[in-house]
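The structure under discussion appears below in the form of structure tokens.
The values are calculated or read from the model by the stated rules, or taken from the named source; none is laboratory data. These numbers come from a predicted model, not from an experiment. Cβ atoms come from the backbone with ideal geometry, glycine included; neighbour counts cover every protein chain shown.
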Amino acid sequence: MMTVCQDDLARALDLTRNTVTVRTRGLNYSPATHGARRYRLTDVLPRLRDRDRQHVPALFDLAQDDQEELFVGDDAVPRARRLELWLQGEQVERLFEARAAFTNALALSLQSSVLFEHLEGLRLKLVLTEPVLRWTVLGDADALPPFDLWAVPYAITNARYENLTEKEAA
Amino acid sequence: MMAEDNFRDMVAADSACRARWIATREHAQQAAAELGVTLDDDALIELPSIRLAVLADHMDRERMLAEMNGLDVVQKQVRQQELKAALENGDEEALASLPRDRAARLSAARKLGLSTIPPAARSVEDEATLLRRLMTLNRTERLARAREWGLA
């Protein structure tokens, strides 16, 4: 899971601290060293304006990684939906490809349908994983996971009964 | 080896011999290819039938094939092909002979020329039961257990 602090945002996006504070208002954070708040990169991206998009690669470079490649968290579906709405152009196509590759790999890897009951949620949340996020947003093909080995671990870690019609919390 | 050195000397010294060697070698390489292996000159020269064909102008194809089949490298290739066929047919024992660990299974499958990963030897029902059991575990345990059971 990739996180950024407010300083990272100010630097990468060339914004004042005030602006950054406004942009991150209401977002979940975890406190880190020296009390600096760390925000999930996937929560921050949908808050970026069009003029910020050119700085997105710089933001990825500054982001910290906690090495949790698979688990996307518990409130993942609404977060994934918000991020998906922010994507533009080729990013949308790349996410579609990743979802198709994942679904295909899962189908080839398993004989039973147990995990397929959770497929819709798993497809929706896929973009929140670091490898698929990098591929989708940056077009980084090297980041793509080998789906035939990765699909089952991802699915097993994240499968749960989701409320897919959940509305965003106010 | 004595016999090989003699053989090479004789082939070098006699043009008819050399011609036969070239023809025999080509014939032998084709036969080897049909068995799914490549045999270099050194390997071919060791076969009595090859030497006989070149030096005595007597090609016994049956004998050559029998000798080739006896070679370790050919035996290994035959076993690989049988294993591949058994896996493609879903043979239980063949499936059980592959490594449990999924990544190792994948590279074993690739080496055999299979296009899909053979499932860990179990039925659909068994896999479903195991997956349901996995879902009752907490997340930190799920992946480790899944790997143990050959599911991931």
(request) For residues that are of a type in the set (S, T, N, Q) and more than 7 Å from chain B (Cβ to nearest Cβ), scanning just region A:151-164, find the one that is farthest from A:ARG99 (Cα to Cα). (result) A:ASN163
(request) Determine, yes or no, whether A:ALA10 is more than 30 Å from B:LEU134 (Cβ to Cβ) and touching a helix residue (DSSP H, G or I) at 6+ places or on another chain (Cβ under 7 Å). (result) yes
(request) Return yes when B:ALA144 is exposed (fewer than 13 other Cβ atoms within 10 Å of the Cβ) and under 18 Å from A:ALA155 (Cα atoms) and no when it is not. (result) yes
(message) I want to confirm something. Restricting to region B:96-105 and keeping residues that are of a type in the set (A, V, I, L, M) and modelled with pLDDT of 80 or more, which single residue is nearest to B:ALA146 (Cα to Cα)?
(response) B:ALA104
(request) Kindly indicate the residue of region A:132-150 that is modelled with pLDDT of 95 or more and crowded, with 22+ Cβ neighbours inside 10 Å and also nearest to the other protein chains (Cβ to nearest Cβ) among those meeting that condition. (result) A:VAL132
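Based on what the data block shows, is A:PHE71 outside any helix (DSSP H, G or I) and within 13 Å of chain B (Cβ to nearest Cβ)?
Against the criterion (outside any helix (DSSP H, G or I) and within 13 Å of chain B (Cβ to nearest Cβ)), A:PHE71 qualifies.
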(request) Filter region B:121-152 for residues that are more than 10 Å from chain A (Cβ to nearest Cβ), assigned to a loop (DSSP other than H, G, I, E, B) and under 26 Å from B:LYS84 (Cα atoms) and give the result. (result) B:ALA121, B:TRP149, B:GLY150
(request) Give the number of residues within region A:53-68 that are surrounded by 16 or more Cβ atoms within 10 Å (Cβ to Cβ) and within 14 Å of another protein chain (Cβ to nearest Cβ). (result) 0
(message) For region B:67-85, give me each residue that is within 20 Å of B:ARG25 (Cβ to Cβ) and without any contact (Cβ under 8 Å) to a residue 12 or more places away in the chain.
(response) B:GLY70
(request) Mind checking which helices (runs of 4 or more DSSP H) fall wholly inside region B:1-120 and carry at least 3 residues that are on the phi < 0 side of the Ramachandran plot and surrounded by 13 or more Cβ atoms within 10 Å (Cβ to Cβ)? (result) B:2-13, B:15-34, B:41-45, B:48-55, B:61-70, B:72-88, B:102-112
(request) Would you tally the residues in region A:82-114 being away from chain B (no Cβ under 14 Å) and either β-branched (Val, Ile, Thr) or free of Cβ contacts under 8 Å to residues at least 60 places away in the same chain (or both)? (result) 21
(request) Take region B:28-42 and flag every residue that is touching a helix residue (DSSP H, G or I) at 6+ places or on another chain (Cβ under 8 Å) and not polar (S, T, N, Q). (result) B:ALA28, B:ALA31, B:ALA32, B:LEU35, B:GLY36, B:VAL37, B:LEU39, B:ASP41, B:ASP42
